[in-house]
Amino acid sequence: MKALITGATSGIGKSMAKKLSMRGWDLILTGRNEVVLSKLKEELGGSVETIAADLADRKEVYKVYEFARDKGVNMLVNNAGYGLFGRFEETDLGDELDMLSVNITAVHILTKLFLRDFKKRDNGIILNVASSAGFLTGPLLSSYYASKNYVVRLSLAIAEELRRDKSHVSITVLCPGPVDTNFNNRAGVTFSVKPISADYAAEYALRKAFARKLIAIPGLSVQAGVFASRFLPHKVLAAVTYELQKRKKPAGKQAKGAVTG
């Protein structure tokens with residue numbers, strides 16, 4: 001069995017790589033940092049291939065697909081992504097567009113291309129890493145929340161199409177709350193609630209994906225929060241989220257990009 005993991009150099013992606021390697025999977029790992037990828041390959045041992053790519057560049061996304069397409073990939077893990085903290089009118093437009101390219105465009109392209117391949121074989125797993133933010137409106141992280149809403153809704157739509165086709169291809173969308181990765185560290189902000197570990201999120205996601213579960217939300221409190229959000233007006237949810245997000249920004253410190261994958 002072979003998996004392609006984007007954003008594999010840190011956080012959930014790195015944890016998934018380690019856990020799949022321990023399960024005997026062959027791996028294709030991609031991330032921006034070639035040096036870190038090489039170190040991870042050496043650390044994991046086994047059958048591991050790497051390809052450095054910046055998924056903000058659409059050509060690089062296609063490069064990753066072409067590299068992996070004929071190598072018998074059984075699982076695609078779309079993990080790469082990051083967020084930008086700040087008021088919408090103040091965040092840098094170029095940074096924001098790069099973020100949307102990684103969080104949305106790269107996920108869209110790889111999901112579509114590998115889904116076509118998987119459906120031809122009538123076998124395969126797609127694991128899209130979103131966030132509990134994908135069910136909410138997110139003032140101060142507006143574009144990030146919107147991008148994760150896209151990933152959630154795209155995954156749900158694909159799942160229904162697969163169900164109607166009686167396909168053996170499955171799709172799972174991971175929607176964790178705060179995870180102890182470099183997301184907030186790189187942004188210069190702190191968590192307002194206790195995060196789960198990347199290892200826990202990765203193991204939970206893989207177990208749900210192997211069980212062909214559609215939505216994976218680790219943690220009872222986050223599950224309860226997502227469920228409760230269905231019954232609250234959008235304005236109330238946005239106001240609550242704003243209050244939670246503004247606690248993340250230390251006084252006098254400007255938050256910038258925060259890589260999650």
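So Gly45 passes all but one of these: (1) modelled with pLDDT of 95 or more; (2) over 20 Å from Lys148 (Cβ atoms). Which condition number does it fail?
That leaves (1) as the condition not met.
Which members of the stretch 10-24 meet the condition of being closer than 26 Å to His108 by Cβ and free of Cβ contacts under 8 Å to residues at least 40 places away in the same chain?
Ala17
Just wondering, is there one or more residues in the stretch 83-95 that are at pLDDT 95 or above, farther than 30 Å from Glu243 by Cβ and not hydrophobic (A, V, I, L, M, F, W, C)?
No, the stretch 83-95 contains no residue that is at pLDDT 95 or above, farther than 30 Å from Glu243 by Cβ and not hydrophobic (A, V, I, L, M, F, W, C).
When you scan the stretch 143-160, do you find a residue that is crowded, with 18+ Cβ neighbours inside 10 Å, farther than 20 Å from Ala216 by Cα, over 15 Å from the mean Cα position of the chain (by Cα) and not β-branched (Val, Ile, Thr), even just one?
no
Being modelled with pLDDT under 90 and assigned to a helix (DSSP H, G or I) is the filter; apply it to the stretch 161-198 and report the residue that is nearest to Ile125 (Cα to Cα).
Selected residue: Phe183.
Any residue in the stretch 145-160 that's under 14 Å from Ile126 (Cα atoms): show its pairings with residues that are part of a helix (DSSP H, G or I) and among the hydrophobic types (A, V, I, L, M, F, W, C) at Cβ separation under 7 Å, as long as the two are six or more apart or on different chains.
Val151/Val107; Val152/Phe135; Ile158/Leu115
Looking at the stretch 1-26 only, could you name the residues that are among the aliphatic types (A, V, I, L, M), assigned to a helix (DSSP H, G or I) and surrounded by fewer than 17 Cβ atoms within 10 Å (Cβ to Cβ)?
Within the stretch 1-26, Met22 is the sole residue that qualifies.
Evaluate the following for Thr6: is it hydroxyl-bearing (Ser, Thr, Tyr) and within 17 Å of Val151 (Cβ to Cβ)? Steps first, answer last, please.
Values: hydroxyl-bearing (Ser, Thr, Tyr): yes; within 17 Å of Val151 (Cβ to Cβ): yes.
So Thr6 passes the test.
The conditions are (1) touching a residue at least 24 places away in the same chain (Cβ under 8 Å); (2) over 22 Å from Lys208 (Cβ atoms), and Glu90 fails exactly one of them. Which is it?
Against the list (1) touching a residue at least 24 places away in the same chain (Cβ under 8 Å); (2) over 22 Å from Lys208 (Cβ atoms), Glu90 comes up short only on (1).
The values are calculated or read from the model by the stated rules, or taken from the named source; none is laboratory data. Since the model is a prediction, treat every value here as computed from it, not as a measurement. Reconstructed Cβ throughout: ideal geometry from the backbone, glycine too, with neighbour counts over all protein chains shown.
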